[in-house]
Amino acid sequence: MTNNILLIKTYITFNTNNIMRKKIVAANWKMNLTLEEGKKLVDGIIAGGAALSETKQVVIAPPYVHLTQTGTQLQGKAFMNLGAQNCYSEASGAYTGEISATMLASAGVQYVIIGHSERREYFKEDDMMLAKKTDQGLKNGLKVIFCCGEPLEIRDANTQNEYVGTQIKAGLFHLSVEELKNIVIAYEPIWAIGTGRTASSQQAQEMHAHIRCVIAAQYGAAAAADMSILYGGSCKPSNADELFACPDVDGGLIGGAALKADEFLGIIAAMVKA
Ligand code: PEP
């Protein structure tokens, strides 16, 4: 078993050199900003004129009520994508207050974040629900940013690899290898989200490499080498360079630092030069 994992790791590392998987910096605004504030922020980000490309992209995921406005602002801005922070697990019907993936797609949304730790914790979204939400996103042509990450007690017990591996298996392993192409994984250790405490680049690299091995064991090394794996948790311009320099870190999912144009642009710049 250990030998197999070692072989997979060597294969992935070897092949990573030839793979142009996407680097992405995604903004998760959470429940912040009025329409006017959101408009100004997006104007500021666009004015930054980041050197984006097919393999270096940005996603902005504002609250639902911003989607149309932000989408209009991003129209014609190459490689700047519109994202949503959530969708419901059913296609349509009597689910007052919920938003379907079909509605998101009809509003021009390209990415949807599923399984953020705040959704898991505060809204009790379990593995089965997250798998259904992922299916809804994919069925409607959205790319899914699937979040995983351990709480502090799991990190302290050094069982984070098993914990995150289980989240990925439960949320994604029912997908075909073809469907997996529209998945981005975001590793967000809960103890680093909004706390100012970032995972070290070594901790991030170790977990990202582990996630790639988990994917490789189920879907093969090529699918794993193709998978963009983002880091999230108190990422800011001052630590983005070091985090994004890790071979298995393909960008970031950004909360607090995505609410200020200059900080978000600093993180985008780190991704562009990584
Ligand atoms: C997040 O919630 O996805 C996140 C990474 O937040 P922050 O950057 O504020 O830690």
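Read-outs throughout are calculated quantities, based only on the coordinates presented, and are distinct from any laboratory measurement. Everything numeric in this text was worked out from a predicted model, so none of it was measured. Quick reminder, even Gly has a Cβ in these numbers, built from the backbone with ideal geometry, and neighbours come from all protein chains shown.
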Compute a Gaussian network model of the chain, connecting alpha carbons closer than 10 Å, and tell me which residue from Met31, Met207, Met227 fluctuates the most.
Met31
Counting other Cβ atoms within 10 Å, keep those with at most 15, restrict to DSSP loop, and tell me which GluC sites (Glu not before Pro) in segment 58-162 are left.
Glu90, Glu98
Partners for Lys132 among lysines (Cα-Cα distance below 22 Å; same-chain residues under 8 apart left out)
Lys30, Lys124, Lys143, Lys169, Lys181
Along segment 96-102, what does the Karplus equation 6.51 cos²θ - 1.76 cosθ + 1.60 (θ = phi - 60°) give for ³J(HN,Hα), rounded to whole Hz, x for Gly and Pro?
3, x, 8, 10, 8, 5, 4
Quick one: if you stick a label point 7 Å off each Cα along the C-beta vector at Thr159 and Met31, how many nm between them?
3.1
Using the Karplus equation 6.51 cos²θ - 1.76 cosθ + 1.60 (θ = phi - 60°), what ³J(HN,Hα) coupling, rounded to whole Hz, does each residue of segment 240-249 give in order, writing x for Gly and Pro?
5, 4, 5, 5, 6, 6, 5, x, 9, 9
Residue span Glu54 to Ser106: 0.36 nm per residue of separation minus Cα-Cα distance leaves a gain in nm of 16.4 nm
Which of Cys213, Cys246, Cys148 has the fewest other C-beta atoms within 10 Å, and how do the rest follow up to the most?
Cys246, Cys213, Cys148
Residues Val58, Val184 arranged by fewest to most Cβ contacts within 10 Å
Val184, Val58
What list of ³J(HN,Hα) values in whole Hz, one per residue of segment 45-53 in order, does the Karplus curve 6.51 cos²θ - 1.76 cosθ + 1.60 (θ = phi - 60°) give from phi, with Gly and Pro shown as x?
5, 5, 4, x, x, 4, 7, 8, 7
Can you list residues from other chains, or at least 5 along the same chain, whose modelled amide H is less than 5 Å from the amide H of Ile113?
Ala84, Gln85, Asn86, Ile145
Fraction of beta bridges assigned by DSSP in the chain that are antiparallel (%, nearest 5)
5
If amide hydrogens are placed 1.01 Å from N in the peptide plane, which non-local residues have theirs closer than 5 Å to the one on Gly232?
Tyr187, Glu188, Leu253
Using a Gaussian network model of the chain whose springs link C-alpha atoms within less than 10 Å, name the residue from Leu33, Leu138, Leu259 with the highest mean-square fluctuation.
Leu33
What are the residues whose amide H is under 5 Å from the amide H of Val59, where those residues sit 5 or more places off or on another chain and H is modelled from the backbone?
Val25, Ala26, Ala27, Asn81
Take Lys169 and Glu121, extend 7 Å from each Cα along the Cα→Cβ direction, and tell me the distance between the two endpoints in nm.
2.5
In debye, nearest 20, what is the charge dipole magnitude of the chain about its Cα centre with +1 on Lys and Arg Cβ and -1 on Asp and Glu Cβ, if you could check?
500
Among Asn158, Asn140, Asn28, which one shows the highest mean-square fluctuation when the chain is modelled as a Gaussian network with alpha-carbon springs under 10 Å?
Asn158
The chain: calculated mean residue ellipticity at 222 nm from DSSP helix runs of at least 4, using -39500 (n - 2.57):
-14000 deg cm²/dmol
Based on DSSP loop calls and a cut-off of at most 12 other Cβ atoms within 10 Å, the longest stretch of the chain free of exposed chymotrypsin sites (Phe, Trp or Tyr not before Pro) is what?
124-274
